[in-house]
Amino acid sequence: MRVLLVEDTPDLADAVLRCLRRMGHAADWQADGGAADAVLQAPAHHAYDLVVLDIGLPRMPGTEVLARMRARGDKTPVLMLTARSDIEDRVAALDGGADDYLGKPFDFREFEARCRALLRRPQGQAEAVLRIGGLAIDSAARRVTLDGARLELPNREYSLLEILVGRLGRVVTREEIAAKLFGFDDEAGPNAIDLYIGRLRKKLGDAALVIGTVRSVGYIAEPAPGADDAG
């Protein structure tokens, strides 16, 4: 998944970015509200699955960035961060369209859990474990098992699997995959997606999930014949 962090304190931003990348997400950083607003209005803004947004920002406060997102009809989940402890600020953020709120300083374990919960919402996945036949994907532990045996998936392969099963039965274009799998600073060769797809297919086999190629468009993941639907 791809996350935009908007935070003006460099040390905290660095720690959050490292946390997000350990979770396997592609993460981009903006240090002021005006720059974040411009990025979110760019043609590729739809690529973000989550925005982590500080309230106190230079040039434009986080509340205004959020208000502009919602006014444009942008429904990307937003986790607000702030050092303010006043309940009025929390209520104002939630009423303004934030999906969740986390006060500074915070425990990174709680931050990770809140991010996981928000990232599950757009996929209609209420539970942490998604099952497709004998395939089980545990988003909390970032663990994948097939017929009870654990599959060792590096971060990019796990993220690719999440992208595909999040659109189960629907075509995901190569452009959409690239936008969610790689951040601004990532170097990805022209065949990188094909490489990750090939590795994922080899590890999954065809017992539970089939990853099909839609020529010149992208890929589609579907339950294998006889496998139960996701649930």
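The values are calculated or read from the model by the stated rules, or taken from the named source; none is laboratory data. Every value quoted in this text rests on a predicted model; they were computed, and no experiment measured them. For neighbour counting, all protein chains shown are included, and Cβ atoms are generated from backbone atoms with ideal geometry for every residue, glycine included. Accessible surface is based on the protein model in full, side chains and every heavy atom, while ligands, DNA and RNA are left aside. Shrake-Rupley method; radii C 1.70, N 1.55, O 1.52, S 1.80 Å.
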Test for ILE197: is it buried (at least 16 other Cβ atoms within 10 Å of the Cβ), at pLDDT 90 or above, of a type in the set (Val, Ile, Thr) and more than 19 Å from the chain's Cα centre (by Cα): no
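If I filter region 44-60 for residues that are within 23 Å of ARG121 (Cβ to Cβ), charged (D, E, K, R) and assigned to a strand (DSSP E or B), do I get at least one hit?
Let us first name the residues in region 44-60 that are within 23 Å of ARG121 (Cβ to Cβ), namely 44-55.
Of the ones still in play, those that are also charged (D, E, K, R) are 49, 54.
Still in the list and also assigned to a strand (DSSP E or B): 54.
Within region 44-60, one or more residues are within 23 Å of ARG121 (Cβ to Cβ), charged (D, E, K, R) and assigned to a strand (DSSP E or B).
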Inter-residue pairs, beta-carbon under 8 Å, first in contact (Cβ under 8 Å) with a residue 24 or more places away in the chain and in region 85-109, second in a loop (DSSP other than H, G, I, E, B) and of a type outside the set (Val, Ile, Thr), 6+ apart: LYS104/ALA83
Failed item in (1) in contact with a Gly (Cβ under 8 Å, 6 or more places away or on another chain); (2) in a loop (DSSP other than H, G, I, E, B); (3) within 23 Å of ARG120 (Cβ to Cβ), with GLY24 passing the rest: (1)
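Among the residues of region 80-113, write down those that are aromatic (Phe, Trp, Tyr) and either open to solvent by 40 Å² or more (accessible area, probe 1.4 Å) or assigned to a helix (DSSP H, G or I) (or both).
Of everything in region 80-113, those that are aromatic (Phe, Trp, Tyr) and either open to solvent by 40 Å² or more (accessible area, probe 1.4 Å) or assigned to a helix (DSSP H, G or I) (or both) turn out to be PHE108, PHE111.
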Residue check, ARG120 in a helix (DSSP H, G or I), closer than 26 Å to VAL52 by Cα and either open to solvent by 50 Å² or more (accessible area, probe 1.4 Å) or modelled with pLDDT of 85 or more (or both): no
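For region 1-21, enumerate the residues that are assigned to a helix (DSSP H, G or I) and out of contact with any helix residue (DSSP H, G or I) (no Cβ under 9 Å at 6 or more places or on another chain). Steps first, answer last, please.
Step one: filter region 1-21 for residues assigned to a helix (DSSP H, G or I), giving 10-21.
Across region 1-21, the qualifying residues are PRO10, ASP11, LEU12, ALA13, ASP14, LEU17, ARG18.
State yes or no: is VAL39 in contact with a Leu (Cβ under 6 Å, 6 or more places away or on another chain) and among the β-branched types (Val, Ile, Thr)? If you could, list the steps in order and put the result at the bottom.
Values: in contact with a Leu (Cβ under 6 Å, 6 or more places away or on another chain): no; among the β-branched types (Val, Ile, Thr): yes.
No; evaluated as a whole, the condition is false for this residue.
Here is a yes/no grid of residues against (1) in contact with an Asp or Glu (Cβ under 6 Å, 6 or more places away or on another chain); (2) modelled with pLDDT of 95 or more; (3) more than 28 Å from TYR158 (Cβ to Cβ); (4) open to solvent by less than 60 Å² (accessible area, probe 1.4 Å):
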position: VAL16; (1), (2), (3), (4): no, yes, no, yes
position: ARG22; (1), (2), (3), (4): no, no, no, no
position: ALA27; (1), (2), (3), (4): no, no, no, yes
position: ALA47; (1), (2), (3), (4): no, no, no, yes
position: VAL52; (1), (2), (3), (4): no, yes, no, yes
position: ARG59; (1), (2), (3), (4): yes, no, yes, no
position: GLU64; (1), (2), (3), (4): no, no, yes, no
position: ARG72; (1), (2), (3), (4): no, no, yes, no
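Residues are listed down the side, and each one gets a yes or a no for (1) touching a Lys or Arg at 6+ places or on another chain (Cβ under 7 Å); (2) part of a strand (DSSP E or B); (3) open to solvent by 50 Å² or more (accessible area, probe 1.4 Å); (4) at pLDDT 85 or above:
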{"site": "ARG150", "(1), (2), (3), (4)": "yes, yes, yes, yes"}
{"site": "LEU160", "(1), (2), (3), (4)": "no, no, no, yes"}
{"site": "ILE163", "(1), (2), (3), (4)": "yes, no, no, yes"}
{"site": "GLY169", "(1), (2), (3), (4)": "no, no, no, yes"}
{"site": "ILE193", "(1), (2), (3), (4)": "yes, no, no, yes"}
{"site": "ARG201", "(1), (2), (3), (4)": "no, no, yes, yes"}
{"site": "TYR219", "(1), (2), (3), (4)": "no, yes, no, yes"}
